[in-house]
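K.L.:
If you scroll down you'll find the structure; I have some questions about it.
Bear in mind that the values in this text are calculations on the coordinates, not laboratory data. Bear in mind that the values here come from a model prediction, so they are computed numbers and not experimental data. Quick reminder, even Gly has a Cβ in these numbers, built from the backbone with ideal geometry, and neighbours come from all protein chains shown.
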Amino acid sequence: MTTTATAAEIATYRERGYVLPDRPLFAPDDFAALRERFAAIESDAAATYGIEPEQLDKPHFLYPDLFAWLMHPRVLDLVEGFIGPDIGLFTSHFISKPARTGKRVPWHEDSSYWRRLFEPIDDICTVWLAIDPSTTANGCLRVVPGSHRNGYSRYSPVADPAAAVFGSEIDADQMDAASAVDLVLEPNRCSVHHARIIHGSEPNRSAQRRCGFTMRYFSTRCRFEPAAMPDTFRIFLARGRDHAGNRYAEPGIANQAWIDELLAGRVQRSHL
């Protein structure tokens, strides 16, 4: 089964800022292997690095076997429909909300965090893959349709930082929260969302864990600004060729410089 985006899906993405392709992302065996690998990574990350389930950011730096999924042809075939055939891998994130205690993700736009990193910023998208069932009850991703036409709202500190994945949130008068929709997904189904769209999620108060794997890609016509990131950060050429003079690291290799910084306690938890 192909994962190539249809014309209707591309049109929906352009209009609404997100789309839910109605088909599995990976073949069953490949998805089962990813889910099994995540279980091992979550356990090791907590024991070795003290990383909380919601904060397993840039796991491919630590566990380079994840490139097998991040650069899988089925993923890149899907992404190509939204940002074109020349694709860079920006970053990834397992965000796992434990049953009953999983934190909320405040309303935000990825573009607000990335505005200094890419020029232009519009050809960046996130594939959000459900590792577990992602439901309203366990805190599925929520988006505000059409909000990708802005992308730089005003933010303030969250009321309860201990209950949130990060500490700032879009001011209430900057968005129409009543228009938000829940992106309910079965395992191995995904959504694709634009870098500018307003999104977030509620805490997990259910008895079921909610884990998603975010895979973030950019058109290589976008210029990445490495000076805006730590020296240890890396991007990767996933498909095609570069058009903007970007420098790419070799995929499939652990980022030892970043690991050293993590072990030394110098890696700042970020929204990347």
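K.L.:
Helix-only mean residue ellipticity at 222 nm, the chain, DSSP H runs n ≥ 4 weighted -39,500 (n - 2.57), per residue, nearest 500. What is it?
P.N.:
-6000 deg cm²/dmol
K.L.:
Please list 3J(HN,Hα) in residue order for region 95-108, calculated via the Karplus relation 6.51 cos²θ - 1.76 cosθ + 1.60 where θ = phi - 60°; whole Hz, with x for glycine and proline.
P.N.:
With the stated coefficients, region 95-108 comes to 10, 10, 9, x, 4, 6, 10, x, 7, 7, 9, x, 4, 7 Hz.
K.L.:
With a 10 Å radius around each residue's Cβ, average the other Cβ atoms per peptide and rank 107-117, 164-174, 22-32, highest first.
P.N.:
Those peptides, ordered most packed to least, come out 107-117, 164-174, 22-32.
K.L.:
Which of the peptides 122-132, 65-75 is most tightly packed, and how do the rest follow, going by the mean number of other Cβ atoms within 10 Å of each residue?
P.N.:
Descending mean neighbour count gives 122-132, 65-75.
K.L.:
Quick one: grab the alpha carbon gyration tensor of region 140-206, order the square roots of its eigenvalues as a ≥ b ≥ c, and give me rounded if a/c is under 1.5, else prolate or oblate depending on whether a/b is larger than b/c.
P.N.:
Verdict is oblate for region 140-206.
K.L.:
Rounded to whole Å and sorted largest first, what semi-axes of the equivalent ellipsoid does the C-alpha gyration tensor of region 114-236 yield via the square root of 5 times each eigenvalue?
P.N.:
So the equivalent ellipsoid measures 25, 19, 15 Å along its semi-axes.
K.L.:
Can you tell me which of 6-19, 212-225, 254-267, 136-149 comes out highest on packing, and rank the rest after it, using the mean Cβ neighbours within 10 Å?
P.N.:
Result, highest mean first: 212-225, 136-149, 6-19, 254-267.
K.L.:
Here's another thing I want to ask about it. In whole angstrom, how far apart do the alpha carbon centroids of region 48-120 and region 1-32 sit?
P.N.:
Cα centres, region 48-120 to region 1-32: 17 Å.
K.L.:
Right, something else. Using the Cα centre of the chain as origin and beta-carbon charges of +1 (Lys, Arg) and -1 (Asp, Glu), tell me which of SER201, VAL267, ILE41 is placed farthest towards the positive end of the dipole.
P.N.:
SER201
K.L.:
In whole angstrom, how far apart do the alpha carbon centroids of region 140-213 and region 218-272 sit?
P.N.:
25 Å
K.L.:
For region 7-263, with only Lys/Arg (+1) and Asp/Glu (-1) charged at the beta-carbon, what is the dipole magnitude about the Cα centre, in debye rounded to 20?
P.N.:
260 debye
K.L.:
Right, something else. Relative contact order, percent, of the chain when contacts are C-alpha pairs under 8 Å separated by at least 6 residues?
P.N.:
Reported relative contact order: 30 percent.
K.L.:
If r is the Cβ-Cβ distance from ILE10 to VAL181 and R0 is 25 Å, what FRET efficiency results, to the nearest 0.05?
P.N.:
0.85
K.L.:
Rounded if a/c is under 1.5, else prolate if a/b is larger than b/c, else oblate: which is the chain, with a ≥ b ≥ c the root eigenvalues of its Cα gyration tensor?
P.N.:
Cα axes put the chain in the rounded bin.
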